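We did not get these values from a lab; they are worked out from the coordinates using the rules stated. In this text, all values refer to a predicted model and were calculated from it rather than measured experimentally. Please note: Cβ atoms are built from the backbone with ideal geometry, for glycine as well, and neighbour counts cover all protein chains shown.
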Amino acid sequence: MKNQKRNLVISTMFQQAGDATGIALGWGLGIVLIIYLLELIISHNLESFLVSLQALPGIASSILNILLMALFLATPYTDFKWAIQNGISRKTLWQGRILSLFLMTLVVWFIAQLVDLMNTPFDLASAWHSLLWYFGLSLTMMAIGNGFALLNRRWKWIVGIGLPMACLVLLMMLAYSLVGLIPALSASGVFKSIIISNVTGWVILVIYLIIVYALARFFNNKLQLRRD
Amino acid sequence: MNFDFNDSTPLYQQIADQLEEMIFSGGFDEGSQVPSTTQLSQQLHINPATVLKGMNILVNKDLLEKRRGLGMFVKKGAQQKIMEQRKESFYNDYVKSLLVEAGKLGITKQHLLDLIERGENDGSINS
Amino acid sequence: MMDQLIVKNIVKKYRRQTVLDNISFILEPAKIYGLLGRNGAGKTTLLNIMSNRIFPTSGEVQIGNEDVNNNDDLLSKIFLMSEVNLYPRHMKISQTFDLADAAYNNFDYDLANRLLKVFGLNDRMKITNLSTGQRTASKLIVALAVNADYVLLDEPILGLDANHRDSFYKELVKTYQERPRTFVLSTHLIEEIQQLVEHVLIMDQHHIIINEDTEGLLAKAYAISGPEKMVDEYTAGLKVLKTEMMGNIKTAYLLDRLDEQRVIPDQVKIGHYDLQHLFIYLTNGGEY
């Protein structure tokens, strides 16, 4: 029963994503193509037109990236609603959504890699790195989306403006305090080696992924029908 | 069939009474099938449990019988049974209230008997 | 053998306001219940908690002694048809059927398609394009055709005209007989459902004040009328919900068993009153 429901979530999400993709690509590429065609008509420069066409895959990939982020930002509450209407538990909803996120992110990343391959040779390390970044981005969107799904209209405004402000202030304070620390710490060779090391970057990314995954899951399990 | 929810009698009893009346007055012939619980409850939107209770009253009174796989049927001799049952309760159902009402209106026993005579000779009453 | 649905000590508070105050009751399998209460009594909140849409402040909802919260197997036994629409607006009626089929299994498409005709709908219509009555009808169809043991209906007749209400009652009884399961009707139109519900739950002031079989309850709903003194004497010590005076005649509305020992004077008449009036007298704020 659980697997069935989970798969229902996944298939419905893919269906919705497919519809959205069709519309977005259709409109996005369509408009761009029309602009290029107009340029062609005005300038009669066929070569320039053909070069422009090469940009289309890149544009398509960008559109997909944006769609992926927008999807997980905007759909948590609407998905929760039809899911709970059909007796799908929050646990199963989460499983369906995280699997969909995983699969969709893979697809979008893969397409982005293919587009990149048109210009740059394949590099395993950077491909891996970009995959982790993609997951980081979509998980962040999911966490934010899920979090906002818990808020009613009023609190959405409060948090929507307040939280970024608070983050900005915190970052600035952090930056100032670090600047103060740097003369003292730069003497310490250990500190230097930690910051410069590549591994730190990876570790921070992985820790971030874990945190944002946990947040997204936490918010998901707290979802309720809102009164607004 | 009509039901009055403000009546003193519970719904299942009303169902039993109305079915019994229909059997007595020939609305259902003896040996014929009466509507099933299913049909009645759907038609009248009454909870099936209530309808069943009403019909079981008539089964217990020996007026209806369940025939397995077929439905509810009016038993042979049901009309006669009803007649006898009603004769028994005629005193309680009619005579008592007649006497009470007569008492309120100050109608004497002799007057009552005269009225009954009058009724017998009244062509507009079928008896 | 179906399990009972047990509502155990449910409390729901929004900030300082208590909406549900220690609500407990048991739903038996294959019974039709009426859940009655005035606007704001907390019926919808209760139904939302029972179907795991919102969390109680404390208390549990169980089926067969297991908490339904986050439990897919148990949630598959419960279906709530609510006033609000939870489907994406551009969804077609047919898609709501398919979702219910995929999630609950064994959706009765035959019944659903027949009901579409009864209510004058077709399954390609989009939810966003339906009128209030049509929306109610489409949700009803899902509720009647879905394969769940406990079907909760919150205001199932909202916006339905008399003909469609009639159809709904017929279809409800029909599917109830063909596939016995529990229905809970939460509604304001008490008159029309009185004869349908086997058991009545009445909510008032955030509590359950009545939890009885309809028959037993209405058997105690006596209307005693006659000369004032006699009525007062006869009803002394019994639970009187409301009294009315017309000329010299007083009518007392009771919810109590009659004392067999007491003599009924000739001038005192004993009748009954219906569920709707019982509900009004019980929930009128206690004044009578």
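Annotations for the structure displayed:
- Measuring max minus min along each principal axis, the C-alpha atoms of chain B give extents of 57, 32, 25 Å (largest first).
- Listed by chain and number, the aspartates and glutamates whose C-alpha is less than 18 Å from the C-alpha of residue B:87, apart from same-chain residues fewer than 8 away, are B:17, B:20, B:21, B:62.
- The alpha-carbon positions of segment C:1-138 define a convex hull whose volume is 144 Å³ per residue.
- Residue B:21/residue A:3 FRET efficiency (R0 56 Å; Cβ-Cβ; nearest 0.05): 0.40
- Distant alpha-carbon pairs in chain A (separation over 24 angstrom), percent: 60 percent
- The label-point distance for residue B:93 and residue C:105, in a model that sets each label 7 Å from Cα toward Cβ, rounds to 5.5 nm.
- Charge dipole magnitude, Cβ of K and R +1, D and E -1 - segment B:79-121, Cα centre, debye nearest 20: 120 debye
- Applying 1/(1 + (r/R0)^6) with r as the Cβ-Cβ distance of residue C:166 and residue C:220 and R0 = 35 angstrom yields a FRET efficiency of 0.70.
- Cα coordinate range in the protein assembly as shown, projected on the principal axes (Å, largest first): 129, 57, 49
- The spacing between segment C:243-278 and segment A:56-130, judged by their C-alpha centroids, is 71 Å.
- Descending principal axes extents, segment C:178-288, alpha-carbon based, whole Å: 51, 29, 22
- Mean sequence separation of contacting Cα pairs (under 8 Å, at least six apart), scaled by the length of chain A, corresponds to a relative contact order of 27 percent.
- Lys/Arg +1, Asp/Glu -1 at C-beta; chain A dipole; positive extreme among A:151, A:106, A:122: A:151
- Extending 7 Å from Cα along the Cβ direction at residue C:179 and again at residue C:4 yields two label points whose distance is 2.6 nm.
- Model label sites at residue A:204 and residue C:259, defined 7 Å from Cα along the beta-carbon direction, differ in position by 8.6 nm.
- If you plug the beta carbon distance of residue B:43 and residue A:114 into 1/(1 + (r/R0)^6) with R0 = 45 Å, you get a FRET efficiency near 0.10.
- Largest-first ellipsoid semi-axes for chain C, taking √(5λ) over the Cα gyration tensor eigenvalues, angstrom: 39, 22, 17
- Kirkwood hydrodynamic radius of segment C:92-179, Cα pairs, Å: 13.0 Å
- For chain B, the longest site-free run once trypsin sites (Lys or Arg not before Pro) in DSSP loop states with at most 14 other Cβ atoms within 10 Å are removed: B:1-67
- DSSP loop trypsin sites (Lys or Arg not before Pro) with at most 12 other Cβ within 10 Å: longest gap in chain C: C:125-238
- Cα point-scatterer Debye curve for segment B:11-76, base-10 log of I(q)/I(0) at q = 0.12, 0.28 Å⁻¹: -0.25, -1.40
- Using only Cα coordinates, the Kirkwood hydrodynamic radius of segment C:222-272 works out to 10.7 Å.
- In the structure shown, the pairs C:8/C:239; B:76/C:174; B:61/B:81; A:2/A:91 are assessed against 19 Å; a Cα-Cα span above that value is assigned to C:8/C:239; B:76/C:174.
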